[in-house]
Amino acid sequence: MIRSLWVALITAAACLPAIAEESAEVTRAYGVHAHGQMHYRIARPDTATQTPLMCLHMSPSSGRIYHQLLRDMGRDRIAIAPDTPGFGESDPPAEPPEIADYARANFGLLDQLGIEGPVDVMGYHTGSLTAMEMARQQPERIRRLVLVSAAMFTPEEFAQMKVEFAPRPLHEDGQHLVDLWLELRHWRDPQQSLEETQWNFAEHLRGGQTAWWGHRAAFNYPRGDVLPTLTQPILVLNPEDDLYDYTLRAAAKLQNGRVHNLPGWSHGFLDIHTAEVAALLRGFLDGE
């Protein structure tokens with residue numbers, strides 16, 4: 001199955017110049033989750049001909065990273081990008097959540113939107129783990145998965161990551177802000193403007209002092225055990241970011257999928273290479 005899907009993916013990418021239709025309108029609204037309001041962006045075409053697509057962001061960040069992609073993918077399907085509870089404009093949980101809690105919140109939002117049938121899910125970093133968990137929790141509702149990075153770590157690497165992504169103290173002189181800015185600049189896509197990096201910087205700050213909960217949940221999730229059990233077709237997109245080398249290991253874990261490397265692309269590529277990404281997604285999601 002995955003071979004025929006991959007052929008369709010490459011064919012769609014080769015036909016990229018033909019994709020130039022009017023973009024969909026993206027609106028914003030709120031649903032609810034167990035601890036408050038859940039903000040989301042959504043594009044609804046007049047006539048939806050394809051399976052709905054839910055897009056899940058990394059931690060920390062927000063659904064804003066998908067705004068341009070929603071405008072493209074929303075031309076022929078409902079396309080949704082929620083802010084994970086505790087990020088963006090969504091209220092935080094009362095206590096540190098697990099990936100399973102994020103997955104349940106997303107299913108709750110789908111229920112509130114009246115989307116009961118199968119959906120496709122795209123996740124980015126922490127969002128990839130939440131997408132995997134949604135496929136594990138309710139496999140009948142998840143048709144296909146697109147994972148932007150699916151990092152597989154050794155125990156030693158996990159220990160180092162937990163140190164690197166521990167809660168960051170605040171400094172009177174704002175050094176914590178400088179450190180974050182330099183980190184974002186280091187890993188940004190070469191074509192990302194400083195203005196867009198600034199928007200991304202602001203979204204990273206919205207999680208406040210509980211933003212580390214997202215990484216905590218990610219490190220607690222047994223990704224290496226779950227990924228091999230998933231039978232849905234899976235496309236792993238592997239941009240050249242901080243998880244590139246770790247994601248190469250995911251190929252051996254996939255039961256029905258493939259890792260597609262994106263050399264030269266890094267954080268921000270969804271805005272910079274929107275048309276190319278949309279072509280890849282359509283080739284995979286809409287193939288036979």
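The values are calculated or read from the model by the stated rules, or taken from the named source; none is laboratory data. Quick caveat, the model's predicted, so the values are computed rather than measured. Backbone-built Cβ (ideal geometry, glycine too); neighbour counts: all protein chains shown.
Tabulated data
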read-out	value
Tally of residues being crowded, with 24+ Cβ neighbours inside 10 Å and among the hydrophobic types (A, V, I, L, M, F, W, C) across the stretch 112-128	2
Any hit, the stretch 109-129, residues being under 27 Å from A43 (Cβ atoms), in contact with a helix residue (DSSP H, G or I) (Cβ under 9 Å, 6 or more places away or on another chain) and at pLDDT below 95	yes
Residue match in the stretch 191-200 (condition: within 22 Å of H267 (Cβ to Cβ), of a type in the set (V, I, T) and buried (at least 20 other Cβ atoms within 10 Å of the Cβ))	no
Complete set of residues in the stretch 146-178 that are among the aliphatic types (A, V, I, L, M) and within 19 Å of Y246 (Cα to Cα)	V146, L147, V148, A150, A151, M152, A159, M161, V163
Where a residue in the stretch 238-252 is closer than 19 Å to V277 by Cα and its partner, wherever it lies, is among the hydroxyl-bearing types (S, T, Y) and in a loop (DSSP other than H, G, I, E, B), with Cβ under 6 Å and at least six apart	P239/S266; E240/S266; D241/S266; L243/S149; T247/S149
A131 crowded, with 23+ Cβ neighbours inside 10 Å, in a helix (DSSP H, G or I) and not polar (S, T, N, Q)	yes
Residue satisfying condition, being among the small types (G, A, S), in a loop (DSSP other than H, G, I, E, B) and farther than 24 Å from Y221 by Cβ, within set G117, G86	G117
Selection within the stretch 53-81 - under 23 Å from H125 (Cβ atoms), touching an Asp or Glu at 6+ places or on another chain (Cβ under 7 Å) and not small (G, A, S)	L53, R64, Q68
Residues that are of a type in the set (K, R) and under 19 Å from the mean Cα position of the chain (by Cα), drawn from the stretch 138-184	R141, R143, R144
Residue in the stretch 203-211 that is within 15 Å of S59 (Cα to Cα), among the acidic types (D, E), surrounded by 17 or more Cβ atoms within 10 Å (Cβ to Cβ) and in contact (Cβ under 8 Å) with a residue 60 or more places away in the chain present	yes
Single residue of the stretch 231-257 satisfying the filter (closer than 16 Å to A131 by Cα, out of contact with any Gly (no Cβ under 8 Å at 6 or more places or on another chain) and of a type outside the set (S, T, N, Q)) that is surrounded by the most Cβ atoms within 10 Å (Cβ to Cβ)	G257
Failed item in (1) part of a helix (DSSP H, G or I); (2) crowded, with 23+ Cβ neighbours inside 10 Å; (3) of a type in the set (A, V, I, L, M), with L109 passing the rest	(2)
R216 being closer than 16 Å to T126 by Cα and of a type in the set (K, R)	yes
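Per-residue answers, yes or no, for (1) out of contact with any Pro (no Cβ under 7 Å at 6 or more places or on another chain); (2) touching a residue at least 60 places away in the same chain (Cβ under 8 Å); (3) acidic (D, E):
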{"position": "L109", "(1), (2), (3)": "no, yes, no"}
{"position": "I115", "(1), (2), (3)": "no, yes, no"}
{"position": "V121", "(1), (2), (3)": "yes, yes, no"}
{"position": "Y124", "(1), (2), (3)": "yes, yes, no"}
{"position": "G127", "(1), (2), (3)": "yes, yes, no"}
{"position": "R141", "(1), (2), (3)": "no, no, no"}
{"position": "L145", "(1), (2), (3)": "yes, yes, no"}
